[in-house]
Every structure is written in structure tokens, then in C-alpha cells.
1. If I go through segment 216-228 residue by residue, how many of them are within 24 Å of PRO254 (Cβ to Cβ) and either in a strand (DSSP E or B) or over 25 Å from the mean Cα position of the chain (by Cα) (or both)?
2. Looking only at residues that are under 22 Å from GLN598 (Cβ atoms) and within 43 Å of the chain's Cα centre (by Cα) in segment 632-665, which one is surrounded by the fewest Cβ atoms within 10 Å (Cβ to Cβ)?
3. Being surrounded by fewer than 19 Cβ atoms within 10 Å (Cβ to Cβ) and not hydrophobic (A, V, I, L, M, F, W, C) is the filter; apply it to segment 376-385 and report the residue that is nearest to the chain's Cα centre (by Cα).
4. Looking at (1) at pLDDT 95 or above; (2) assigned to a strand (DSSP E or B), which one does LEU250 not meet, given that it meets all the others?
5. Exactly one of (1) in the same structural domain as ASN277 (by TED's automatic domain parsing); (2) more than 30 Å from ALA219 (Cβ to Cβ) is unmet by ARG324. Its number?
6. Scan segment 110-140 for residues that are surrounded by 17 or more Cβ atoms within 10 Å (Cβ to Cβ), over 29 Å from the mean Cα position of the chain (by Cα) and not in a strand (DSSP E or B) and report the count.
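The values are calculated or read from the model by the stated rules, or taken from the named source; none is laboratory data. Quantities reported herein were computed from a predicted structural model and do not represent experimental measurements. In this analysis, Cβ positions are derived from the backbone assuming ideal geometry, glycine residues included, and neighbour counts consider all displayed protein chains.
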Amino acid sequence: MKRSCLHLLLLTGILCFCQLGAQTYPLRTIEEIQFVSDPATSDVSPFLGDTVTVRGLLMNDVRSLSVGERWASFVVDPESPSDPWNGFFVIQHDTTVTGTFFTTLLPGDVAHFTGVIEEFSGLTQLALLTDPIVPVVLESFDNPLPAPVELSSEDLTNLANGEQWEGQFVRLSNVTIRDNQFSGNRALVADSSNWLAFLDDYFRFYRERFDNGTFSWPANGSVVHATGFVRGFPSTVSLNPRDFGDLTVLSSPPVINSVDRNPEIPASLDDVTVSANITDTGIVTAASLHYSVNAGPWLVAPMSGSGDLWSGDIPSQGDGSALRYFVSATDNDGNTTRFPEDTSRATGEMFRYFVRDNGLLIRDVQDDGGYRRGNSAYLGIRVWLRGVVMSAPNQFTGYFIQDADAPWSGLFVSDIATVLEIGDLIDVHGMIVEDFGFTRMDGDSVVLVQNNIGPFAPVVLNTGDINTGASQSEAYESVLVRLENVTVTDTMPDSPNNFGEFIIDDGSGGLRVDDLSEQYEGNLGSEVILGSVGALQGFLIYQFSDFKVAPRDNNDVDLMVLGIDNPAGPIKDFVLHQNYPNPFNPETRIRFYLKDGQQARLEVFDVLGQRVASLLDGPESQPAGWREVSWNGRNFAGQPVASGVYLYRLQAGGQALVRKMMLMR
């Protein structure tokens, strides 16, 4: 692109203006700003927050990046553009300010940029000064852009290796697309080193095509040359091509998609026909159906094609058999691919189904077969399941059901209008979906088989068995579990935010407690006290990349603070909770639980042992269950008591519990 005479005059004027009277800031090289000694530990620039001037060669049009309404460009050191630590990123946040003249620059310009050093999601950048405005200063123009730096995929596989190339123009040659549908419009690639690196869509050219559905990364198995700019993230880096010229496809295997089976839920007399849509830039010469019965050896059935539609059969199998399968195809150039591309248990997935003559079990839907990307074998399929209702209609926006008190036996069912009660045996029909890793059924009909056969007992587990990353966590998803002898170890794990969650631990590992139920508000409803001990039960759920236990209501939570005259463990006959709020003014709430109907007395004392108020004192027996009373900070005469520490004592059945509270006026 040629620059007009007006542009040259304008930039010359800017240069004169800056030389005559602009405030000067320390000139730093890109390497000085970018270099960190141990990027695996920290990639934060030593000049973070400083206002500096940087000399750089502009590498792309400032409007070409997908940075919202802002302007930005990658720049490199003009003297050593191919060396590590010599790439950088310049951005203008406020584009209503035109006096920076940033948009007058073109690729190939060497200029001086003045701004504040920032870190944005792992990317070090210079934010141009707009208040006061400091214009860019053009030094020279029409400079040739440097050739891309040749790297291996290992060089960009993680932050420790890739941080030194942040902002640089690089090239990965002869890399194979390993996963063309990774999250966030990214693709995983690897060269002969087999180290995985990311391709990403930071340039508008690709982002817009992803958004309107007109582009996807080349098919898995394709061999490509990829050129682009390195962007840093908190734990990794990605390579970002500018346009189609930066992505050269050397060879492409057949593309396999729309894999279906018929019948979707086979019985023992059914052969299963697997069909797939297979396309290629040349000719698909062969396709095969690979299947395994009960984790046995792999068998291969040929597939026949009619146009792009290919199909093959898995012969009928015995009742209860577990089947795995995938599809492969070869084209006239000898390129071969499979779908799913990664069928390893450690990192991949597999198509699966179970043969059932008497209907599917919840386990069939939930069991991930040991695969890392363990989507349900019936994802997107409508199924009938039988289970016992384990939650009440006013607790969740749906029902948890189980067909056993065992792994893989629970499922959450949404969109059920029928009012059901805990203990009801039902048949329910709906579609199996994955909600960001949480398997559920979107129900469309339900049949009540029998009222009140009774719920399953909770499965007693350790917190470390089912916390995030634990080996059994996925198996107990949507199952009612009980955690005993736990301690509250963190009341605000998302501090300074409070989403109602807290963490419990029985010594085997911390587990989040969630407030998903409408009847349990977690740390939002009443104060959860650090160090509280006891037991807790609820359904294991998966949300926001964490496994959490979700109690149905307060009755599922039995946590207490050990205080004066308290025994060394949970009380079996009654429970006294810490008051909330505490400290308080003018009123606080006290919650307690009575196991059996019995006489009870709840009184308030000052620190000298003098009785101040009676909150519960009647000769009649109290009903079993949870109760809550309030104290307004007044004595027997109705007069406000002074600020200070007070004790409250619950007596019932010949036992007593005492806790402290503080009134602050």
C-alpha cells in the first residue's frame, strides 16, 4: 500500500511537533520490556505500569486484529526482528482520540510509540497514551518486513518455551492438524516432534469467518505450513495467521462427519448400521468401520459408498454387550484419516453403545468408558430411563434421579412439568445433552410407575474421591453422596467475590460446596464459619470446571463450630449453629436442630453467667427438625443490652450446647 503525499506531510508535521515540545519518556528496547528470566514461573514484564517509549517496526494494519473497537498491531525490533524477546504488541484503547496518528501508520513503518506497559491475559502490551495525547513518531517508512522465524511446534507448546517468541512473526512448517475443533476456534497442530501447538483466530479475517460459519480449520490429518504472530496467554501461546496466505495446505485427507447409527438403541437381535458423510478434494477410495465388543480386539467391517454417504454394519451382539467404534477413510492420494481423530483413552473419545433388551440403565448414559473426552454414548439421542426421584420439586430446576446407590447411577433431568416427590419411581423420556461437561437429560415426558418406593441412601465417600481431578469424580456425577468428618477449610474460595460456595475437606482433599438448590443458599444465606466440622450431603455436580456437591436444603448440612462445653464431635440428638450475622446489630438469628420431639430451652447469658434473655422455654415438647429464632439484643425488661460478648445455650434431653456471639452497637 502506497502512502499519499498528505500522509507524508502529516507525519512529518508530527515528527517536528514531537521534536520541538513533546514531553519525553525513557526509551526502552523491546527486549528490555519483554525479557523475563523464568517465563514458566512468571511472564510479567519488569516494566509493568511504567510509561515508556518504544521503537518498533509495524507488522500489520492496526485495524486487522480482533480487539473489539480498539486499534492494535504487532511490532518487532527493526535491528533484530528475528531474535527472541524482540516482538511486541501496541494497542490504543480509546479510539475516539485521533491525535495519536496511530491509524496513519502502515506495515513497514518504523516509529516511536509512547504508552503504559500492561499485561492482558498473558500478553504484554504498550497502551498508547491518550490523556495526555502523545502522538506516534514516524522514523522511516516502506521498510521490508522480516521473513518469519522458522520454529518447531515444540517451541510454541507452552509458556516456558513460547514466551520468548511473543509478538514475533514465525512459521511452523509441515505440521499436521491434530484437532481442528478445539475450544475457542483453535486448532491443535504438531510436527514430527509430536509436541502440540495452537493455531488461533486473533486476526479479524479468521474471526469473522468463524463467526459467520464460512471457515473451519483444515481437516484433521491435513499437513500445512502455518505462518503468523505469536500471542501469549497465562499458560501457553498461540500462532495467529493473518489471512489465507498464511496457511498453506500441503495435503488433506478425507473429511468424515455426521456419523450416525441405526438403531440408536439396539437390542440383541439388531444389526447396527453405521453411516458417515465422507468428502475429499479428490476421490474417497475406501472407508472402514472399526469396532470392539466388550473391550475385546478390534474388528473391521468394510463400508460401501453412494456419493458422499458411506455405511457399514456391526453384527448383532448379546444382551448387555458394550460396543466401541470409529470410522476411517482413505483417498486416491493415499491420505488416511479417522473419526474421532483421537481415539485414545488418555486424551480422546470413541463412539459407544450398549445392547439392552430391557431398556437402558442410567449407567449406560453416564459411563464415559474411561475416555478423557467422555461425552455420553447417547449424546443427542432421545432415550427412556427408569429411576427413583431423589430431590424435591422446590429444590432444583428439574429432578435428580438414580437407579442405584452406586457409581454412574445418577442423572439430572430438566424441563419436567409434572410434580414429583422424593422416592417416586418414574420412567422418563428425553434427549441426552452435555452442558459444559455436565451430562443431563432434557425431559419431554414422564410416567409415574409407583409412588414413594423410597429414595436410595447417600453413598459415603471421602472429599478427595470426588473433588476436581479425582479418579471417581465423574462416576458419581448426579449421585447423592455424603461426606463425613469434614472441616470447612475455605469460606470464600472466589474472594473477593462470593458465589455462595465454600470448601470442605476430610483430610483427603478439598471439595467445593455449591448453592445450586433453591432451598440452600450456602455462604450467601448464613455465615459459613471457617473451621466448622461435621457432615454434609448432596448431589455431585460439575460447573465452571469444578466438581461440587450441591445440598438439597439445610437438612443436608450438619456443620457446627466447637465451642464452650461442646463435645469433640457432632451431636447426635441436637445441633446448635453459630448465630448469623455475628457480630450483629441490632438483631441476629440462631438456628438449631432437634432430632426427636423433646423439651428444649434456649437462653442468652452475659460473660458473668447472668441470664439476659430466654428465646425458647416451654414445658411442651418441641417438634423434631430445624428451628430458627431471633434475638433483638434486648433483655427481659425489653431494654437494649450493652455491646459485648454473650453466650447462648441450648438444652435438650439432658444435654447442652453453648456458643459465643458478639453485639456491636
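1. Residues meeting the conditions: 8.
2. Within segment 632-665, the match that is surrounded by the fewest Cβ atoms within 10 Å (Cβ to Cβ) is VAL658.
3. GLY380
4. Of everything listed in (1) at pLDDT 95 or above; (2) assigned to a strand (DSSP E or B), LEU250 misses just condition (1).
5. (2)
6. 4
Yes/no per residue for (1) out of contact with any His (no Cβ under 8 Å at 6 or more places or on another chain); (2) on the phi > 0 side of the Ramachandran plot:
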| site | (1), (2) |
| --- | --- |
| ASP200 | yes, no |
| ASP211 | yes, no |
| PRO241 | yes, no |
| LEU247 | no, no |
| SER258 | yes, yes |
| SER268 | yes, no |
| VAL272 | yes, no |
| VAL293 | yes, no |
| VAL300 | no, no |
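Yes/no matrix, rows are residues, columns are (1) outside any loop (DSSP other than H, G, I, E, B); (2) free of Cβ contacts under 8 Å to residues at least 60 places away in the same chain; (3) surrounded by 15 or more Cβ atoms within 10 Å (Cβ to Cβ):
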residue: LEU289; (1), (2), (3): yes, yes, yes
residue: ALA295; (1), (2), (3): no, yes, no
residue: SER311; (1), (2), (3): yes, yes, yes
residue: GLY320; (1), (2), (3): no, yes, no
residue: PHE326; (1), (2), (3): yes, yes, yes
residue: THR330; (1), (2), (3): yes, no, yes
residue: SER344; (1), (2), (3): no, yes, no
residue: VAL365; (1), (2), (3): yes, no, yes
